[in-house]
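Remarks on the structure that follows.
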Amino acid sequence: LIFILIRWTLSLRYRVRVYGLSRILKKGQQGILILPNHPGLIDPILLMAHLYGPFRPRPLADKTQINRPVIRHVAKGIHVLPIPDVGKVGASAQGAIDRALDEISHALHEGSNVLLYPAGHLKSRAEEELGGNSAVETLLKAKPDTRVILVRTQGLWGSRFSKAFGTNPQIMSIVWRGLVGLFLNLVFFFPRRNVTIEMVEAEDFPRDADRMEQNRLMETFYNQSIEPNAYLPWLWWQGGAQIRNEPQRNRISGIPEDVSPATRDIVIAKLQAMTDHPDPQIEHKLDHDLGMDSLTRADLLLWIEQEFGFPQG
């Protein structure tokens, strides 16, 4: 009943079309690992509103994001699996994430469905990037016969709920703005975003491959069609969608001159030990080139702090 109400409410702002659902349902409705991309904070709500009826999936969610008024009660009712944000709590999240993955494996063994975001975070550019994240690899090793459903949501990049503005979205501010917009648009004249949710069963998913090969396959699916950064105004008299520039990416170019060769050698040796990469280089990306997931990167930051005395940012 709650999700029916949510679907109706969201339909005032989002015109959602779901593709591929009937083909998946013909093969059964149990023991499915649902793997969506993550363009905005609103897409988990849209997905659950449309998939809860046929699948009743248990979603993983950032512990901080669901610990909010109203949201925490809905999350409890649908048995959300809360996990900490490794970027915020660092390596101390290892135990909680391991317990969550064990609970997911147990749920899949019992025939339940699980909704998991392979990226583990909102995308910060038009393309989805999974890097070296390892949750999918871990779960499929534990239960190789799990059905894998890839889900591509499009139409939300450029929304206030996304990172298309270059900053983290502020949920409560957006919600209050939406309520004001609802009033000023006389409810039914709210400009509506066209959102598509495409579901495909990956029968040939490389279950025995390593995380990098699996992640590249998922990235290819998610990025088949790169959508523009389209901002849709909140008020009907402000016109249609506005295409904006992509947010700037902060990159560190070059190697700081005050880092000694001995220090670089120590770091390179540590990277080699942590990743089993035959020849890691300073220029390599930790996730894409060296296959380090978020927990391994947190361990690296902790080691740097202990070894060199630089606190984690």
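The values are calculated or read from the model by the stated rules, or taken from the named source; none is laboratory data. Everything numeric in this text was worked out from a predicted model, so none of it was measured. Quick reminder, even Gly has a Cβ in these numbers, built from the backbone with ideal geometry, and neighbours come from all protein chains shown. All accessible areas refer to the heavy atoms of the entire protein, side chains included, with ligands and DNA or RNA removed. Shrake-Rupley method; radii C 1.70, N 1.55, O 1.52, S 1.80 Å.
Might you let me know whether the range 218-228 holds any residue that is in a loop (DSSP other than H, G, I, E, B) and open to solvent by less than 60 Å² (accessible area, probe 1.4 Å)? Yes; the residues of the range 218-228 include at least one that is in a loop (DSSP other than H, G, I, E, B) and open to solvent by less than 60 Å² (accessible area, probe 1.4 Å).
When the residues of the range 172-181 are narrowed to those that are in contact with a Phe, Trp or Tyr (Cβ under 8 Å, 6 or more places away or on another chain) and closer than 28 Å to L115 by Cβ, which ends up most open to solvent (accessible area, probe 1.4 Å)? Filtering the range 172-181 for residues that are in contact with a Phe, Trp or Tyr (Cβ under 8 Å, 6 or more places away or on another chain) and closer than 28 Å to L115 by Cβ, the one most open to solvent (accessible area, probe 1.4 Å) comes out as R177. Would you confirm whether or not the range 284-304 contains a residue that is open to solvent by less than 40 Å² (accessible area, probe 1.4 Å), at pLDDT 80 or above and more than 25 Å from N168 (Cα to Cα)? No - not one qualifying residue is present in the range 284-304. Residues of the range 133-148 that are closer than 19 Å to R297 by Cα and either out of contact with any Leu (no Cβ under 7 Å at 6 or more places or on another chain) or open to solvent by 10 Å² or more (accessible area, probe 1.4 Å) (or both): N133, S134, A135, E137, T138. Just checking, does the range 190-211 include any residue being assigned to a helix (DSSP H, G or I) and open to solvent by less than 80 Å² (accessible area, probe 1.4 Å)? Yes, that holds for at least one residue.
Look at (1) touching a helix residue (DSSP H, G or I) at 6+ places or on another chain (Cβ under 8 Å); (2) touching a residue at least 60 places away in the same chain (Cβ under 8 Å) and you find that Q154 fails only one, number (1).
Of the numbered criteria (1) on the phi < 0 side of the Ramachandran plot; (2) at pLDDT 90 or above; (3) buried (at least 17 other Cβ atoms within 10 Å of the Cβ), the one G155 fails is (1).
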